[in-house]
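**Student:** I have a structure I would like to understand better, so I am pasting it below and will then ask my questions one at a time.
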Amino acid sequence: MPTTTPLIIGQASQPVPLLPRMANRHGLIAGATGTGKTVTLQCLAEEFSLQGVPVFLADVKGDLSGISQPGKEHPRIRERVDSMGLSDFEYRGFPVTFWDVFGAQGHPVRTTISELGPLLLSRLLNLNETQQGVLALVFRVADDNGWLLLDIKDLRSMLRYVAENAREFRTLYGNISAASVGAIQRRLITLESQGGKKLLGEPALNLDDLMQTDNQGLGMINILAADKLMEAPDLYGTFLLWMMSELFENLPEVGDRDKPRLVLFFDEAHLMFDDTPEALLDKIEQVVRLIRSKGVGVYFVTQNPLDIPENVLGQLGNRVQHALRAYTPKDQKAVRAAAQTFRPNPKLDTVAAITEMGVGEALVSTLDGKGRPRIVQRALIRPPRSQIGPITRKLRKELMGTSIVAGIYDKPVDRKSAYEVLSARAEQMAREHEAQEVEKAREKELKKASRGRGGRQRQTVMESFFKSAARAVGSQIGRQVIRGVLGSLLGGKRR
Ligand SMILES: Nc1ncnc2c1ncn2[C@@H]1O[C@H](COP(=O)(O)OP(=O)(O)OP(=O)(O)O)[C@@H](O)[C@H]1O
Ligand SMILES: [Mg+2]
């Protein structure tokens, strides 16, 4: 049964606790490659789940699906269990929900263009200020008309619409440069090829689905397949930022609770901050600061703490620092910087420890009951209860088939939105235009025919031809026929 006793992260001279009611004060897991970050994340996720706290994590290397299965007996694990005196240790699996933007390794996870919003979308598309202005304008025009921006084709048709009516919009909304519109259209092509087409659309992720517990009250562990997603770092980083801000905007204020409502682990967290414009960084900093009062804890996982902007780093109360290498002067500087972020322990040389520690060992400092950082300890991290490393594809499929969200997200839905509205509008306008053209051409032919010899007969032929052609207008094929016929009749003019 879930309880709210301290989570035990590892063992120094004493067990190292993480207090559940301080878990929303965020955290950091750092360390060089292969030093144990992922296993630490796995252990923390397990401990939260046992307390009934749901977890979301990005699985960058595809090695976290093993959380769903009990670990296998191994001398190294057993040795750790014994040396730490973990009397309650048992191998066990945890309830998981698999998610995947590409829909292959998990249930599809989607959001919409409007939920993403102009700020994050600008970051995703790498837009300059002028282009950002155009994008913001497109959102406004869509809003003012009540047209939904759900998927990329909605955005595309809105861009086209705005460009075509730039002159009319100028007084109301300001300048719209054709070059900016073109640039955004081109970026959208790249985004589509990177998976944006799958990410942006419906049914969009309902965040409540991340905050589930199983029938025993264990927190659900949501695993986002991020191996392929990582190939488009902007997409990955933006997605994580979206998720955090969406939770922030939608969850009610709860103040300090005895445990978090949800804990997020963001692996390769530097990707959330690289190439991020100042305005967005400010917003991230604010969201990280305020999401705490919504009962959400955010844990960043990265190689080096310096990868995280200072004003975000300053908010990460619970820290696990695995070993760092110190080969180059730059490395050494990073080691010293990492060491200095801790509240010093007179009995411990932090700088030396950071370079010496073995795999699965770390410097740990968590917050005490009053929210103050405890002095840093060198600790052996607890071994996971679940399997280290991935499960088979087959097992993953089976778990997806029985998951609580099975069938909810699997099929995309394309409801009426800006694209459909604008297509219908364009269709209607084209139809009216065609009808006018047909009428004009008919009058012209009639005039010509009545002037010529034997006109009476030709007139009837032409008349009946245009009548039937005009009837065909409205169906796509009919319109194309007419366009072709009229095109050659009227001197090859194309519209
Ligand atoms: N707490 C632990 N208990 C037992 N074994 C561990 C522990 N931590 C790490 N290990 C062992 O070390 C291996 C490497 O650890 P891990 O995958 O967590 O490294 P990492 O820091 O995530 O590396 P990368 O940056 O390459 O992803 C694990 O596969 C596991 O065998
Ligand atoms: Mg790892």
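Bear in mind that the values in this text are calculations on the coordinates, not laboratory data. Quick caveat: nothing in here was measured; it's all calculated off a predicted structure. Ideal geometry is used to build each Cβ from the backbone, glycine not excepted, and the neighbour counts take in all protein chains shown.
**Student:** Between 33, 99, 161, whose Cα lies farthest towards the positive end of the dipole of segment 15-162 when Lys and Arg beta carbons carry +1 and Asp and Glu beta carbons carry -1, centred on the Cα centre?
**Tutor:** Of the options given, the answer is 161.
**Student:** OK, next. Between residue 428 and residue 144, how high is the FRET efficiency from 1/(1 + (r/R0)^6) when r is the Cβ-Cβ distance and R₀ = 30 Å? Nearest 0.05.
**Tutor:** Numbers: r = 20 Å, r/R0 = 0.67.
For residue 428 and residue 144, the calculated efficiency is 0.90.
**Student:** Just to confirm a number: summing +1 for Lys and Arg and -1 for Asp and Glu over residues other than residue 123 whose beta-carbon lies under 14 angstrom from that of residue 123, what do you get?
**Tutor:** Working: positive: 187, 283; negative: 129, 234, 274, 275, 278, 282.
Cβ neighbours under 14 Å give a net charge of -4.
**Student:** Can you work out the Karplus-derived ³J(HN,Hα) for every residue in segment 438-444? Use 6.51 cos²θ - 1.76 cosθ + 1.60 with θ = phi - 60°, whole Hz, and x for glycine or proline.
**Tutor:** In residue order, the calculated couplings are 4, 4, 4, 4, 5, 4, 4 Hz.
**Student:** Quick one: which residues, 5 or more positions from residue 148 or on another chain, have an amide H under 5 Å from its amide H? H modelled 1.01 Å from N in the peptide plane, none for Pro or chain starts.
**Tutor:** Those lying under 5 Å, H to H, from residue 148 are 418.
**Student:** Rg/Rh for segment 113-199: what does it come to with C-alpha atoms and Rh from Kirkwood? Please report the intermediate quantities before stating the final value.
**Tutor:** Details: Rg = 11.9 Å, Rh = 12.8 Å.
Result: Rg/Rh = 0.93.
**Student:** Now for a separate question. Note the angle between two axes, namely the Cα long axis of helix 37-50 and the longest principal axis of the Cα atoms of the chain, as a number of degrees from 0 to 90, rounded to the nearest 10.
**Tutor:** Once rounded, the angle reads 90 degrees.
**Student:** Which lysines have a Cα less than 18 Å from the Cα of residue 440, not counting those fewer than 8 places away in the same chain?
**Tutor:** 448, 467, 493
**Student:** Hey, can you grab everything whose amide H is under 5 Å from the amide H of residue 360? Only 5+ residues off in sequence or another chain; H modelled, so Pro and N-termini drop out.
**Tutor:** HN-HN under 5 Å from residue 360: 36.
**Student:** May I pose another question? Calculate log10 I(q)/I(0) of segment 137-283 for q = 0.10 Å⁻¹, where I(q) comes from the Debye formula with a single equal point scatterer on each Cα and nothing for solvent.
**Tutor:** Debye intensities relative to I(0), on a log10 scale: -0.50.
**Student:** Please name which of 116, 191, 149 has its Cα lying farthest along the dipole of segment 113-199 towards the positive end, using unit charges on Cβ (Lys, Arg +1; Asp, Glu -1) and the Cα centre as origin.
**Tutor:** 191
**Student:** Classify segment 271-349 as rounded, prolate or oblate, taking a ≥ b ≥ c as the square roots of the eigenvalues of its Cα gyration tensor: rounded when a/c is under 1.5, otherwise prolate if a/b is larger than b/c and oblate if not. Kindly include the intermediate steps, with their values, before the conclusion.
**Tutor:** Values: a/c = 2.58, a/b = 1.47, b/c = 1.75.
Verdict is oblate for segment 271-349.
**Student:** Right, next: List the relative contact order of the chain as a percent without decimals, with contacts defined as Cα pairs under 8 Å and 6+ residues apart. Mind dumping the intermediate values first?
**Tutor:** Details: 855 pairs, mean separation 131.8, N = 495.
Result for the chain is 27 percent.
**Student:** Please list the non-local residues whose amide H lies under 5 Å from the amide H of residue 386, H modeled 1.01 Å from N, same-chain partners needing a gap of 5 or more.
**Tutor:** For residue 386, the qualifying residues are 71, 92.
**Student:** Could you give each residue of segment 426-436 its phi-based ³J(HN,Hα) in whole Hz, using Karplus coefficients 6.51, -1.76, 1.60 with θ = phi - 60°, and x for Gly or Pro?
**Tutor:** Each residue of segment 426-436 in turn: 5, 4, 4, 5, 4, 4, 5, 4, 4, 4, 4 Hz.
**Student:** How much length, in nm to one decimal, is gained on full extension between residue 175 and residue 83, taken as 0.36 nm per residue of separation minus their Cα-Cα distance? Could you put the intermediate results ahead of the total?
**Tutor:** On the way: separation 92, 0.36 × 92 = 33.12 nm, distance 6.92 nm.
Extra length from residue 175 to residue 83 when fully extended: 26.2 nm.
**Student:** When the Kirkwood radius is taken over all Cα pairs of the chain, what Stokes-Einstein diffusion coefficient follows at 37 °C and 0.692 mPa s, in µm²/s?
**Tutor:** On the way: Rh = 26.0 Å.
Taking Rh from Cα pairs, D becomes 126 µm²/s.
**Student:** Angle, helix 129-145 long axis vs. longest principal axis of the chain, Cα atoms, 0 to 90°, nearest 10?
**Tutor:** Between helix and principal axis, roughly 70 degrees.
**Student:** If you take every residue apart from residue 109 with its C-beta less than 10 Å away from the C-beta of residue 109, what net charge results, scoring Lys and Arg +1 and Asp and Glu -1?
**Tutor:** Working: positive: 110, 198; negative: 100, 209.
My count for the surroundings of residue 109 gives 0.
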